[in-house]
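Chemist: Take a look at the following structure, please.
The values are calculated or read from the model by the stated rules, or taken from the named source; none is laboratory data. Predicted, not measured: the structure shown is a model, and the values here were computed from it. Don't worry about glycine lacking a Cβ; one is built from the backbone with ideal geometry, like all the others, and counts go over all protein chains shown.
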Amino acid sequence: MDDRPTLARKLGMTEHLSPLLYKASRLGLGPLELQILAVQRGCVHYSNGSEPTQPLANEEDLSNEELAIALLSPCLPYDPLSIRCGAAMLSAPGNKVPSLGRLTVMERCEIPVRYIAECGHRFEPENPFWNELLKIVPSFPTPSGVLPHPTRFVAMTGFTRRGRELLVEWQRPLSAVPAAS
Amino acid sequence: MTNAERILLVLDSHLDHEIQLILYGRAAIVLGFTDPPAEAARTLDVDAIIPISQVSAFQSDERFWKAQEATNSELKKYGLYITHLFEADQIFLRRDWENT
(Lines give C-alpha, C1' and ligand atoms only; values in the text may rest on other atoms or scores of the structure.)
Protein backbone atom coordinates (compact mmCIF):
# COMPACT_ATOMS: atom_id res chain seq x y z
CA MET A 1 0.00 0.00 0.00
CA ASP A 2 1.43 3.35 -1.08
CA ASP A 3 0.85 5.88 1.68
CA ARG A 4 2.22 8.87 -0.20
CA PRO A 5 -0.38 11.62 -0.74
CA THR A 6 -1.86 11.66 -4.20
CA LEU A 7 -1.48 14.47 -6.70
CA ALA A 8 -5.20 15.09 -6.14
CA ARG A 9 -4.61 15.79 -2.44
CA LYS A 10 -1.74 18.12 -3.26
CA LEU A 11 -4.04 19.98 -5.64
CA GLY A 12 -6.90 20.14 -3.13
CA MET A 13 -9.02 17.61 -5.01
CA THR A 14 -10.48 14.24 -4.13
CA GLU A 15 -9.54 11.03 -5.91
CA HIS A 16 -11.89 9.00 -8.07
CA LEU A 17 -11.72 5.32 -8.98
CA SER A 18 -9.72 5.89 -12.13
CA PRO A 19 -10.73 3.53 -14.93
CA LEU A 20 -7.51 4.35 -16.76
CA LEU A 21 -5.35 3.40 -13.78
CA TYR A 22 -7.39 0.21 -13.42
CA LYS A 23 -6.70 -0.56 -17.04
CA ALA A 24 -3.00 0.09 -16.48
CA SER A 25 -3.11 -2.08 -13.39
CA ARG A 26 -4.65 -4.93 -15.37
CA LEU A 27 -1.64 -4.66 -17.67
CA GLY A 28 0.67 -4.89 -14.67
CA LEU A 29 1.49 -1.19 -14.71
CA GLY A 30 1.65 0.60 -11.38
CA PRO A 31 3.07 4.10 -10.80
CA LEU A 32 6.70 3.02 -11.26
CA GLU A 33 5.99 0.84 -14.29
CA LEU A 34 4.21 3.74 -16.01
CA GLN A 35 7.41 5.78 -15.70
CA ILE A 36 9.48 2.87 -17.01
CA LEU A 37 7.12 2.51 -19.95
CA ALA A 38 7.54 6.22 -20.75
CA VAL A 39 11.30 5.74 -20.85
CA GLN A 40 10.88 2.66 -23.03
CA ARG A 41 8.79 4.72 -25.43
CA GLY A 42 11.46 7.31 -25.87
CA CYS A 43 11.57 9.54 -22.78
CA VAL A 44 15.25 8.69 -22.43
CA HIS A 45 15.86 11.99 -20.63
CA TYR A 46 14.25 10.38 -17.60
CA SER A 47 16.08 7.07 -17.77
CA ASN A 48 18.00 5.85 -14.77
CA GLY A 49 19.66 3.19 -16.88
CA SER A 50 17.98 0.26 -15.21
CA GLU A 51 14.85 -0.04 -17.34
CA PRO A 52 14.29 -3.43 -18.97
CA THR A 53 14.51 -3.49 -22.75
CA GLN A 54 11.39 -5.62 -23.16
CA PRO A 55 8.43 -3.20 -23.38
CA LEU A 56 6.11 -3.50 -20.41
CA ALA A 57 3.10 -2.88 -22.66
CA ASN A 58 2.54 -2.26 -26.34
CA GLU A 59 0.73 0.69 -27.84
CA GLU A 60 -2.28 -1.39 -28.84
CA ASP A 61 -2.91 -2.15 -25.19
CA LEU A 62 -2.05 1.29 -23.83
CA SER A 63 -1.68 4.15 -26.29
CA ASN A 64 0.77 7.01 -25.83
CA GLU A 65 -2.18 9.29 -25.12
CA GLU A 66 -3.41 6.97 -22.39
CA LEU A 67 0.10 6.65 -20.97
CA ALA A 68 0.45 10.44 -20.81
CA ILE A 69 -2.84 10.89 -18.99
CA ALA A 70 -2.16 7.96 -16.65
CA LEU A 71 1.16 9.53 -15.65
CA LEU A 72 -0.67 12.79 -14.95
CA SER A 73 -3.55 11.19 -13.09
CA PRO A 74 -4.50 13.00 -9.90
CA CYS A 75 -5.10 9.55 -8.41
CA LEU A 76 -1.42 8.58 -8.59
CA PRO A 77 0.85 9.11 -5.61
CA TYR A 78 2.41 12.56 -5.91
CA ASP A 79 5.69 12.23 -7.78
CA PRO A 80 7.18 15.11 -9.80
CA LEU A 81 9.01 12.61 -12.02
CA SER A 82 5.72 11.06 -13.03
CA ILE A 83 4.44 14.52 -13.97
CA ARG A 84 7.58 15.23 -15.99
CA CYS A 85 7.28 11.91 -17.83
CA GLY A 86 3.61 12.67 -18.42
CA ALA A 87 4.48 16.09 -19.83
CA ALA A 88 6.88 14.48 -22.27
CA MET A 89 4.42 11.77 -23.30
CA LEU A 90 1.66 14.36 -23.69
CA SER A 91 3.50 15.80 -26.69
CA ALA A 92 4.54 12.46 -28.17
CA PRO A 93 4.48 12.44 -31.96
CA GLY A 94 1.16 11.16 -33.24
CA ASN A 95 -0.88 12.16 -30.22
CA LYS A 96 -4.21 13.61 -31.23
CA VAL A 97 -5.49 16.68 -29.42
CA PRO A 98 -9.19 15.63 -29.39
CA SER A 99 -8.29 12.27 -27.84
CA LEU A 100 -6.09 13.93 -25.26
CA GLY A 101 -8.82 16.43 -24.45
CA ARG A 102 -11.40 13.69 -23.97
CA LEU A 103 -9.09 11.61 -21.79
CA THR A 104 -8.14 14.68 -19.78
CA VAL A 105 -11.75 15.39 -18.84
CA MET A 106 -12.64 11.74 -18.34
CA GLU A 107 -9.72 11.27 -15.95
CA ARG A 108 -10.04 14.65 -14.23
CA CYS A 109 -6.55 15.70 -15.31
CA GLU A 110 -7.45 19.23 -16.34
CA ILE A 111 -5.12 20.95 -13.87
CA PRO A 112 -1.85 19.20 -14.79
CA VAL A 113 -2.63 19.00 -18.52
CA ARG A 114 -3.58 22.66 -18.71
CA TYR A 115 -0.50 23.66 -16.77
CA ILE A 116 1.78 21.61 -19.02
CA ALA A 117 0.10 22.97 -22.15
CA GLU A 118 0.69 26.50 -20.88
CA CYS A 119 4.34 25.67 -20.25
CA GLY A 120 4.64 24.03 -23.67
CA HIS A 121 3.09 27.05 -25.33
CA ARG A 122 5.54 29.29 -23.52
CA PHE A 123 8.56 27.36 -24.81
CA GLU A 124 7.12 26.48 -28.22
CA PRO A 125 4.80 29.36 -29.14
CA GLU A 126 4.84 28.36 -32.80
CA ASN A 127 3.72 24.78 -32.15
CA PRO A 128 -0.05 24.62 -32.85
CA PHE A 129 -0.34 21.46 -30.75
CA TRP A 130 -0.23 23.48 -27.52
CA ASN A 131 -2.67 26.10 -28.75
CA GLU A 132 -5.18 23.45 -29.74
CA LEU A 133 -4.83 21.70 -26.42
CA LEU A 134 -5.29 24.96 -24.53
CA LYS A 135 -8.48 25.63 -26.47
CA ILE A 136 -10.18 22.46 -25.24
CA VAL A 137 -8.81 21.93 -21.74
CA PRO A 138 -10.62 24.10 -19.20
CA SER A 139 -8.77 26.12 -16.62
CA PHE A 140 -9.14 25.55 -12.88
CA PRO A 141 -7.50 27.28 -9.92
CA THR A 142 -4.09 25.69 -9.40
CA PRO A 143 -2.20 25.85 -6.12
CA SER A 144 1.36 27.05 -6.60
CA GLY A 145 4.39 24.92 -5.83
CA VAL A 146 2.78 21.55 -6.54
CA LEU A 147 3.45 21.05 -10.23
CA PRO A 148 7.08 21.12 -11.39
CA HIS A 149 8.61 24.43 -12.42
CA PRO A 150 8.28 24.98 -16.19
CA THR A 151 12.02 24.58 -16.66
CA ARG A 152 11.71 20.97 -15.44
CA PHE A 153 9.97 20.07 -18.68
CA VAL A 154 12.79 21.24 -20.93
CA ALA A 155 16.49 20.69 -21.49
CA MET A 156 18.51 23.88 -21.40
CA THR A 157 21.96 24.47 -22.76
CA GLY A 158 23.85 27.69 -22.03
CA PHE A 159 26.93 27.09 -24.14
CA THR A 160 27.25 25.53 -27.59
CA ARG A 161 29.92 25.28 -30.29
CA ARG A 162 28.82 28.76 -31.29
CA GLY A 163 29.67 30.04 -27.87
CA ARG A 164 27.38 31.35 -25.18
CA GLU A 165 23.74 30.98 -26.13
CA LEU A 166 20.65 29.59 -24.51
CA LEU A 167 19.03 26.64 -26.23
CA VAL A 168 15.80 25.31 -24.80
CA GLU A 169 14.31 22.03 -25.96
CA TRP A 170 10.95 20.66 -24.82
CA GLN A 171 11.34 17.08 -23.66
CA ARG A 172 9.31 14.61 -25.68
CA PRO A 173 9.86 11.06 -26.84
CA LEU A 174 11.83 10.84 -30.08
CA SER A 175 12.69 14.13 -31.71
CA ALA A 176 9.73 15.06 -33.85
CA VAL A 177 7.21 17.72 -33.01
CA PRO A 178 3.66 16.34 -32.83
CA ALA A 179 1.34 17.32 -35.62
CA ALA A 180 -1.71 19.36 -34.72
CA SER A 181 -4.93 17.57 -35.60
CA MET B 1 -33.32 10.01 -25.21
CA THR B 2 -31.02 11.94 -22.87
CA ASN B 3 -27.29 11.53 -22.81
CA ALA B 4 -27.47 9.92 -19.38
CA GLU B 5 -29.96 7.33 -20.63
CA ARG B 6 -27.83 6.57 -23.65
CA ILE B 7 -24.69 6.09 -21.53
CA LEU B 8 -26.41 3.75 -19.11
CA LEU B 9 -28.13 1.74 -21.84
CA VAL B 10 -24.83 1.21 -23.60
CA LEU B 11 -23.18 0.24 -20.33
CA ASP B 12 -26.01 -2.18 -19.66
CA SER B 13 -25.57 -3.75 -23.08
CA HIS B 14 -21.95 -4.49 -22.28
CA LEU B 15 -22.59 -5.94 -18.85
CA ASP B 16 -23.14 -9.64 -18.34
CA HIS B 17 -24.06 -9.44 -14.67
CA GLU B 18 -25.96 -7.19 -12.33
CA ILE B 19 -24.25 -4.21 -10.77
CA GLN B 20 -25.51 -1.41 -8.59
CA LEU B 21 -24.54 2.18 -9.33
CA ILE B 22 -25.69 5.09 -7.20
CA LEU B 23 -25.96 8.06 -9.52
CA TYR B 24 -25.46 11.65 -8.52
CA GLY B 25 -24.98 14.95 -10.23
CA ARG B 26 -26.78 16.03 -13.38
CA ALA B 27 -27.39 12.51 -14.66
CA ALA B 28 -29.22 11.67 -11.45
CA ILE B 29 -31.31 14.83 -11.75
CA VAL B 30 -32.29 14.20 -15.33
CA LEU B 31 -33.13 10.56 -14.71
CA GLY B 32 -34.69 10.85 -11.28
CA PHE B 33 -36.94 13.88 -11.54
CA THR B 34 -39.76 14.99 -13.77
CA ASP B 35 -39.17 18.24 -15.60
CA PRO B 36 -35.46 18.43 -14.93
CA PRO B 37 -33.61 21.60 -15.93
CA ALA B 38 -32.46 21.55 -19.55
CA GLU B 39 -28.89 21.99 -18.37
CA ALA B 40 -29.04 18.59 -16.65
CA ALA B 41 -30.06 16.88 -19.85
CA ARG B 42 -26.97 18.19 -21.58
CA THR B 43 -24.52 16.43 -19.29
CA LEU B 44 -21.99 14.38 -21.20
CA ASP B 45 -21.30 11.86 -18.46
CA VAL B 46 -22.76 9.89 -15.62
CA ASP B 47 -21.23 10.26 -12.16
CA ALA B 48 -21.60 7.49 -9.61
CA ILE B 49 -20.92 6.84 -5.95
CA ILE B 50 -19.54 3.53 -4.76
CA PRO B 51 -20.48 2.80 -1.13
CA ILE B 52 -17.37 2.10 0.96
CA SER B 53 -18.65 -1.38 1.76
CA GLN B 54 -18.67 -2.21 -1.97
CA VAL B 55 -15.41 -0.62 -3.08
CA SER B 56 -13.34 -3.76 -2.80
CA ALA B 57 -15.83 -5.88 -4.73
CA PHE B 58 -16.10 -3.17 -7.34
CA GLN B 59 -12.36 -2.92 -7.77
CA SER B 60 -12.02 -6.61 -8.41
CA ASP B 61 -14.95 -6.82 -10.81
CA GLU B 62 -12.96 -7.18 -14.03
CA ARG B 63 -16.09 -7.66 -16.11
CA PHE B 64 -17.46 -4.32 -14.94
CA TRP B 65 -14.26 -2.48 -15.88
CA LYS B 66 -14.20 -4.10 -19.30
CA ALA B 67 -17.83 -3.14 -19.85
CA GLN B 68 -17.08 0.39 -18.72
CA GLU B 69 -14.14 0.60 -21.12
CA ALA B 70 -16.23 -0.77 -23.98
CA THR B 71 -18.95 1.75 -23.18
CA ASN B 72 -16.57 4.68 -23.37
CA SER B 73 -15.09 3.36 -26.57
CA GLU B 74 -18.52 3.00 -28.17
CA LEU B 75 -19.63 6.45 -27.04
CA LYS B 76 -16.44 8.25 -27.99
CA LYS B 77 -17.95 9.51 -31.23
CA TYR B 78 -20.70 11.25 -29.25
CA GLY B 79 -18.35 12.70 -26.64
CA LEU B 80 -20.13 10.77 -23.89
CA TYR B 81 -18.46 8.80 -21.12
CA ILE B 82 -18.70 7.23 -17.68
CA THR B 83 -15.50 7.52 -15.68
CA HIS B 84 -16.21 9.66 -12.65
CA LEU B 85 -16.75 6.96 -10.07
CA PHE B 86 -16.14 8.06 -6.51
CA GLU B 87 -15.78 6.21 -3.27
CA ALA B 88 -18.40 7.51 -0.89
CA ASP B 89 -15.85 9.20 1.36
CA GLN B 90 -14.61 11.36 -1.49
CA ILE B 91 -17.74 13.46 -1.79
CA PHE B 92 -20.03 15.35 0.57
CA LEU B 93 -22.87 13.15 1.80
CA ARG B 94 -25.12 13.03 4.82
CA ARG B 95 -23.86 10.65 7.50
CA ASP B 96 -26.73 8.23 7.04
CA TRP B 97 -27.11 8.69 3.30
CA GLU B 98 -27.22 4.97 2.59
CA ASN B 99 -30.18 4.45 4.93
CA THR B 100 -32.41 7.27 3.77
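Chemist: Out of curiosity, is A:Pro55 over 15 Å from the mean Cα position of the chain (by Cα), away from every other protein chain (no Cβ under 12 Å) and more than 30 Å from B:Val55 (Cα to Cα)?
Modeler: Criteria met by A:Pro55.
Chemist: Answer yes or no as to whether A:Pro31 is more than 14 Å from every other protein chain (Cβ to nearest Cβ) and either of a type in the set (A, V, I, L, M) or more than 12 Å from the chain's Cα centre (by Cα) (or both).
Modeler: For A:Pro31, the condition - more than 14 Å from every other protein chain (Cβ to nearest Cβ) and either of a type in the set (A, V, I, L, M) or more than 12 Å from the chain's Cα centre (by Cα) (or both) - is met.
Chemist: Let me ask something additional. Name, by its number, the condition in (1) under 19 Å from A:Ile116 (Cα atoms); (2) within 12 Å of another protein chain (Cβ to nearest Cβ); (3) of a type outside the set (Asp, Glu) that does not hold for A:Ser82.
Modeler: That leaves (2) as the condition not met.
Chemist: Only residues that are under 14 Å from the mean Cα position of the chain (by Cα) and farther than 21 Å from A:Arg108 by Cα: list them for segment B:28-53, please.
Modeler: Answer for segment B:28-53, where residues must be under 14 Å from the mean Cα position of the chain (by Cα) and farther than 21 Å from A:Arg108 by Cα: B:Ile29, B:Val30, B:Leu31, B:Gly32.
Chemist: Write out, first by first residue and then by second, each pair whose Cβ atoms fall under 6 Å of each other, whose residues are 6+ apart or on separate chains, and whose first residue, in segment A:44-73, is without any contact (Cβ under 8 Å) to a residue 12 or more places away in the chain while the second is surrounded by fewer than 23 Cβ atoms within 10 Å (Cβ to Cβ).
Modeler: Every condition considered, the pairs that remain are A:Ser47/A:Val39.
Conditions tested, residue by residue: (1) within 26 Å of A:Asn131 (Cα to Cα); (2) of a type outside the set (S, T, N, Q).
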residue: A:Leu7; (1), (2): yes, yes
residue: A:Leu21; (1), (2): no, yes
residue: A:Ile36; (1), (2): no, yes
residue: A:Thr53; (1), (2): no, no
residue: A:Ala68; (1), (2): yes, yes
residue: A:Leu71; (1), (2): yes, yes
residue: A:Pro77; (1), (2): no, yes
residue: A:Cys85; (1), (2): yes, yes
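Chemist: Scan segment A:48-66 and tell me whether some residue there is closer than 20 Å to B:Gln68 by Cα and not in a loop (DSSP other than H, G, I, E, B).
Modeler: The answer is yes, given that some residue of segment A:48-66 is closer than 20 Å to B:Gln68 by Cα and not in a loop (DSSP other than H, G, I, E, B).
Chemist: Sort out which residues of segment B:47-100 are facing chain A (nearest Cβ under 9 Å), assigned to a helix (DSSP H, G or I) and of a type in the set (A, V, I, L, M), and write them in order of number.
Modeler: Of everything in segment B:47-100, just one residue is facing chain A (nearest Cβ under 9 Å), assigned to a helix (DSSP H, G or I) and of a type in the set (A, V, I, L, M), namely B:Val55.
Chemist: Considering only residues that are more than 17 Å from A:Arg172 (Cβ to Cβ) and either among the polar types (S, T, N, Q) or assigned to a helix (DSSP H, G or I) (or both), which ones fall in segment A:67-110?
Modeler: A:Ser73, A:Pro80, A:Pro98, A:Gly101, A:Arg102, A:Leu103, A:Thr104, A:Val105, A:Met106, A:Glu110
Chemist: If you check A:Phe140, A:Phe159, which single one turns out to be within 23 Å of A:Leu17 (Cβ to Cβ), hydrophobic (A, V, I, L, M, F, W, C) and at pLDDT below 95?
Modeler: So the residue among A:Phe140, A:Phe159 that is within 23 Å of A:Leu17 (Cβ to Cβ), hydrophobic (A, V, I, L, M, F, W, C) and at pLDDT below 95 is A:Phe140.
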